[in-house]
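See below for the structure under consideration.
The values are calculated or read from the model by the stated rules, or taken from the named source; none is laboratory data. Please read all numbers here as calculations on a predicted model, not as lab measurements. All Cβ positions, glycine included, derive from the backbone under ideal geometry; neighbour counts span all protein chains shown.
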Amino acid sequence: MTDDPLFALRPWESPEVTSWGRLPMNAVDRRARALSLDGDWRFQLLPAPTAEAGDDWSSARVPGAWTLQDTDDLPWYTNVRMPWPDFPPASPAANPTGVYEREVDVPADWAGRRIVLQVGAAESVLLVHVDGRPVGISKDSHLAGEFDLSDLVGPGTSATVRLTVVKWSDATHIEDQDQWWHGGVTRSVLLYSTDPLYLADITVRAPASGELRVDCRVRNAGGALPEGWYVTGEIDGQLLLQDAEFDRANAEDDRVSDFLGEPRLGAHVSDVRTWTAETPELYDLTVRLHRADGTVADTAYQRVGFRDVEIVGRDLLVNGERIYVRGVNRHDFHPLTGRTVSYDDMRADLALLKRFGFNAIRTAHYPNDPTLYDLADELGLYVVDEADIESHDHAHEIADDPRYLNAFVDRVSRMVLRDRNHPSIIIWSLGNESDYGANHDAAAGWLRRHDPTRPLQYEGAAKLGWADPAVASDIACPMYAPLEDCVTHALSGEQTKPLIQCEYSHAMGNSNGTLADHWAAIESTPGLQGGFIWEFWDHGILQCVNSGRPLGRSGAGLYDNGVAAPGLRWAYGGDFGETIHDGAFIADGVVLPDGTPKPVMYEHREIAAPVRLGAFRHEGLVVANHQCFRGLDWLAATWELALADGRTLTAPAELPDLRPGETAAVPLPFELPADGGEAWLTLRVTTAGDEPWAPRGTEICTPQLLLRAAPDASEAAVAGPRVTVDADGLLVHPLLTSAPVLSLWRAPTDNDELGGMAARWQDWGLDTLVRKAVDVRRDGGSVTVLAEYAANAGVIRHEQVFTPVRGGIRVEESVGLPDAYADVARVGSVFETVSGLDLLEWFGQGPWESYPDRAAGAPVGHHSAPVDSLFTPYLRPQESGGRHGVRQFRLSAPDATGLSVVLDRPRQVSVTRFRAEDLAAATHHDQLTPRPGCVVHIDAAHRGLGTASCGPDTFPSYLLQPGTHRWAWTLRTL
């Protein structure tokens, strides 16, 4: 290979070489009029790029990662660390290299035309040959490379296309993102043709004023442009006019040579319908390039959205309105195909986000598949488009390294050149976690010159503070900044930029505590405009347990509601034999690997509610429109009144005609019954008709108000069956297989583990409490049991008083928590039931899982669910299934027998098939065996979840303090 110019450059270890023979990036979409080369290609996996391919070919699917197609090179997960120890720009000697080959039949009617090969994406270095002849090189694993084959292939003939993909390279050091490492051709491969006279590019400027401008770039493959060519265009049937003044100015400035055609078209679109995420209005633009005789040489199509983006003071404005950014970070991901994602899957992703109140995406941390931007334009999502730059492990070294200067500018500029015509993109990002240096400033300089219509951001630019006037960021976009720091900055008088966190709530496992608290502060503090949750997906890969290999496309249909079929599991870091890995840190999304929403999605949906509900002078209600651009006519609603006695009343609701930001008083829809106890009013809001992202009747939000509080709950002792306890003072009951005992520990969440709380609880011995009854006393029908629990930081005393009441037993409990046990996981009791009690019905918050600092999305009402469905299958087993604010519940068998529990006040309750120690001992769900009965926790207090796996812990108000904790509950048999 030494005489091959592509290999002679050794591009896998030459950061100065970003391409060779590659065509300039452009915004002309040729996908719809191309010959697809997707499908099965001949394939060999070589041990290094310098190894020679032999005759032993297998088959590989394009697009697709070879790491998911039954090769010996398996997926590998790291977060910050590189998979090899060498410093940039070195790559390892053991460097998997895939060789793809196939014959391509070039259509005969392409005679005399320009022929271009487009490779959508290849990780991480692509070398192209045709019939053994070198064509070109491309780097950047997430942008296409195009190559002119006009002189290499003949119309009506067949040619052999070879794509050599080198997995590790100097480019890998700036693609060090928190994701799986793969190798392969991961986006579609196309062959397309154009007339020799063609539209090389178009740039659309469509401000909210309706003054459309379309800059065209015309080229001729034969050299100089022919005489007499011209361009025309139309937008939704309205003709565009060529800007003669612009042409004249170009000629006078000697900007146009015989080889350059840069005409400008324009039009004023009157009564323009502007584009926003709430109102994604699009127009159809067509641009035609004509030869001198009027025939059409080339045509480009573009959907156009008219909108303005600007920063005024410390506010980010869209069409002059301050918006909230309710965002999520998103990778291209699928559990079977990795970074290869179909149109249908991408549409499902974005529709799901819209249904749960998200209005923005950050393309973490690279340009996503081109289809995503088309869908964001259509469905209505703001996009922060991020360049494929992250040098996490070697950030400081690379930021100022001139060898990587070209790579930084190349990646930023090509992203902008590809995506600039999409109205959904409101901010450009220079990348992620790459320190800050001259390379960033160079990329920022190019971007500002090329596209002054959008702001740009880069988190690392705030090295001297969020108000620092760094050239590389118009927005203060920290990650995981404590909320109090954000509020303090906004109130300091020093804020100069909008503060929109690029990452602010880490969704690893059972997480996203305090999300509602964050948004309460954001919505009440000028200068704060939102942020992006990390992240959308749990990146579990479906794996066969016995073989340890990914299933790839053959795994379709083998999972449902987050649960993999028997013999399969969701793999995370280390499960494919990686020696360096970051474990379950890859599982930090708001949806499970199969796209099932986690409970946090319902929390976010309620926080982002477009309709809010408030009280009005004790005699009515206030309905508010919390949108920025849209009225309420697209919504329908129903009133619900939930009463503690089991009744739920409903009535139709007519939403008032409110413009964005307006409120209106409405009368109470019900006359509150004199009986019934505690009463909650809910406005159940749905789509009134079909939306592009949701069918009619899709629930949008459920704002709720407490109309009447619960009366004090007390029950008098009665003569009745004797309370039975055994010799250890443990309650004996026919429906309990394990009596209620003290519980201070939970199966550690990912936040507990990585935040250090789990280790502290283990050091205290809270996971292995040893109980000893020290006193059992009878007083009439009551039994008082005093027990001591031995733990490493001192004895904990727990008292239970069992009293017979009408139809059951009242249990009053108290525990004195010594000062040494500050911040435990929970204070409560746990017991287990007989088998067969498979249905849980409760009055409290639900139906979704909820916790003290993540409960806004679970309205109070009457709920029911099978016990087996209450547990959320987070990738690594952990505390799960809790319901906050439960007032009473019942567990029943199909014959309606069972037990009921009434609580002294709203408490945290969980009912699952697993003990805490079962969950803590398992690393994957295939290691769990459900118990036949129910494991029931009743907590006097439960610690918040926080996001300490990456970011701030929960707030002090959600921590459990030492001292005396008391709780009571009544157990009855149905």
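Under the condition of being closer than 30 Å to Pro873 by Cβ, assigned to a loop (DSSP other than H, G, I, E, B) and of a type outside the set (Val, Ile, Thr), the residues counted in segment 493-536 number 12.
When Pro894 is tested against (1) out of contact with any Ser or Thr (no Cβ under 8 Å at 6 or more places or on another chain); (2) outside any loop (DSSP other than H, G, I, E, B); (3) of a type outside the set (Lys, Arg), just one condition goes unmet, and that condition is (2).
Residues that are more than 11 Å from His142 (Cα to Cα) and of a type in the set (Asp, Glu) were ranked within segment 331-369; the one that is farthest from the chain's Cα centre (by Cα) is Asp344.
Would you confirm whether or not segment 824-835 contains a residue that is in contact with a Lys or Arg (Cβ under 6 Å, 6 or more places away or on another chain) and of a type outside the set (Asp, Glu)? So far as segment 824-835 goes, yes, one or more of its residues are in contact with a Lys or Arg (Cβ under 6 Å, 6 or more places away or on another chain) and of a type outside the set (Asp, Glu). Here the strands (runs of 3 or more DSSP E) wholly within segment 129-197 that include at least 1 residues being charged (D, E, K, R) are 133-139, 145-148, 158-166, 184-194. In segment 68-93, the residues that are within 19 Å of Val125 (Cβ to Cβ) and at pLDDT 95 or above form Cβ pairs under 7 Å with partners that are polar (S, T, N, Q) and assigned to a loop (DSSP other than H, G, I, E, B), at six or more places apart or across chains, as follows: Ser91/Ser169. Looking across Gly136, Gly112, Gly132, Gly156, one residue alone is in contact with a strand residue (DSSP E or B) (Cβ under 6 Å, 6 or more places away or on another chain) and more than 30 Å from His396 (Cβ to Cβ). It is Gly136. Taking the listed residues Asp750, Asp767, the one that is closer than 30 Å to Tyr480 by Cβ, in contact (Cβ under 8 Å) with a residue 40 or more places away in the chain and touching a Gly at 6+ places or on another chain (Cβ under 7 Å) is Asp750, with no other qualifying. Residues of segment 420-466 being modelled with pLDDT under 95 and aromatic (Phe, Trp, Tyr), which ones? Result: Trp466, single match. Among the residues here, Gly21 qualifies as at positive phi and in contact (Cβ under 8 Å) with a residue 12 or more places away in the chain.
With the condition kept exactly as written, say whether any residue in segment 352-370 is outside the structural domain of Trp634 (by TED's automatic domain parsing), of a type in the set (A, V, I, L, M), part of a helix (DSSP H, G or I) and touching a helix residue (DSSP H, G or I) at 6+ places or on another chain (Cβ under 7 Å). No; the residues of segment 352-370 include none that is outside the structural domain of Trp634 (by TED's automatic domain parsing), of a type in the set (A, V, I, L, M), part of a helix (DSSP H, G or I) and touching a helix residue (DSSP H, G or I) at 6+ places or on another chain (Cβ under 7 Å).
Per-residue answers, yes or no, for (1) of a type in the set (Gly, Ala, Ser); (2) surrounded by fewer than 18 Cβ atoms within 10 Å (Cβ to Cβ):
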site: Ser36; (1), (2): yes, yes
site: Val62; (1), (2): no, no
site: Leu68; (1), (2): no, no
site: Thr71; (1), (2): no, no
site: Thr78; (1), (2): no, no
site: Glu103; (1), (2): no, yes
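Residues that are under 16 Å from Val161 (Cα atoms) and not aliphatic (A, V, I, L, M) number at least 2 in the following strands (runs of 3 or more DSSP E) confined to segment 4-116: 39-46, 58-62, 97-105. For segment 254-269, the set of residues classified as assigned to a loop (DSSP other than H, G, I, E, B), modelled with pLDDT of 90 or more and farther than 13 Å from Leu239 by Cα consists of Glu262, Pro263, listed by residue number. Just a yes or no: is a residue in segment 2-12 under 35 Å from the mean Cα position of the chain (by Cα) and surrounded by fewer than 18 Cβ atoms within 10 Å (Cβ to Cβ)? No, segment 2-12 contains no residue that is under 35 Å from the mean Cα position of the chain (by Cα) and surrounded by fewer than 18 Cβ atoms within 10 Å (Cβ to Cβ). Looking only at segment 904-932, count every residue that is out of contact with any Cys (no Cβ under 6 Å at 6 or more places or on another chain), among the β-branched types (Val, Ile, Thr) and surrounded by 19 or more Cβ atoms within 10 Å (Cβ to Cβ) and tell me the total. Residues that pass the stated criteria total 2. Among the residues of segment 779-799, at least one is out of contact with any strand residue (DSSP E or B) (no Cβ under 8 Å at 6 or more places or on another chain) and free of Cβ contacts under 8 Å to residues at least 12 places away in the same chain. Taken over segment 231-254, residues that are on the phi < 0 side of the Ramachandran plot and either of a type in the set (D, E, K, R) or touching a Leu at 6+ places or on another chain (Cβ under 8 Å) (or both) amount to 14. When each of Gly836, Gly844 is tested for being out of contact with any helix residue (DSSP H, G or I) (no Cβ under 8 Å at 6 or more places or on another chain), part of a loop (DSSP other than H, G, I, E, B) and at positive phi, the lone residue that passes is Gly836.
Kindly check whether there is at least one residue in segment 432-439 that is surrounded by 24 or more Cβ atoms within 10 Å (Cβ to Cβ) and within 18 Å of the chain's Cα centre (by Cα). Yes - at least one qualifying residue is present in segment 432-439. Select from segment 758-798 the residues that are of a type in the set (Asp, Glu) and more than 41 Å from the chain's Cα centre (by Cα) and write down the one among them that is surrounded by the most Cβ atoms within 10 Å (Cβ to Cβ). Checking each candidate, the answer is Glu788.
Scanning segment 282-341 for residues that are without any contact (Cβ under 8 Å) to a residue 24 or more places away in the chain and of a type in the set (Val, Ile, Thr) yields Thr295, Val296, Val312.
Looking only at residues of segment 38-60 that are surrounded by fewer than 16 Cβ atoms within 10 Å (Cβ to Cβ) and in contact with a Phe, Trp or Tyr (Cβ under 9 Å, 6 or more places away or on another chain), we find that the one that is farthest from Val104 (Cα to Cα) is Thr50.
Looking across segment 451-466, the residues that are surrounded by 15 or more Cβ atoms within 10 Å (Cβ to Cβ) and either small (Gly, Ala, Ser) or without any contact (Cβ under 8 Å) to a residue 40 or more places away in the chain (or both) come down to Asp451, Leu456, Tyr458, Gly460, Ala461, Ala462, Trp466. Among the residues of segment 799-827, those that are surrounded by 18 or more Cβ atoms within 10 Å (Cβ to Cβ), hydrophobic (A, V, I, L, M, F, W, C) and within 43 Å of the chain's Cα centre (by Cα) comprise Val815, Leu817, Val824, Ala825, Val827.
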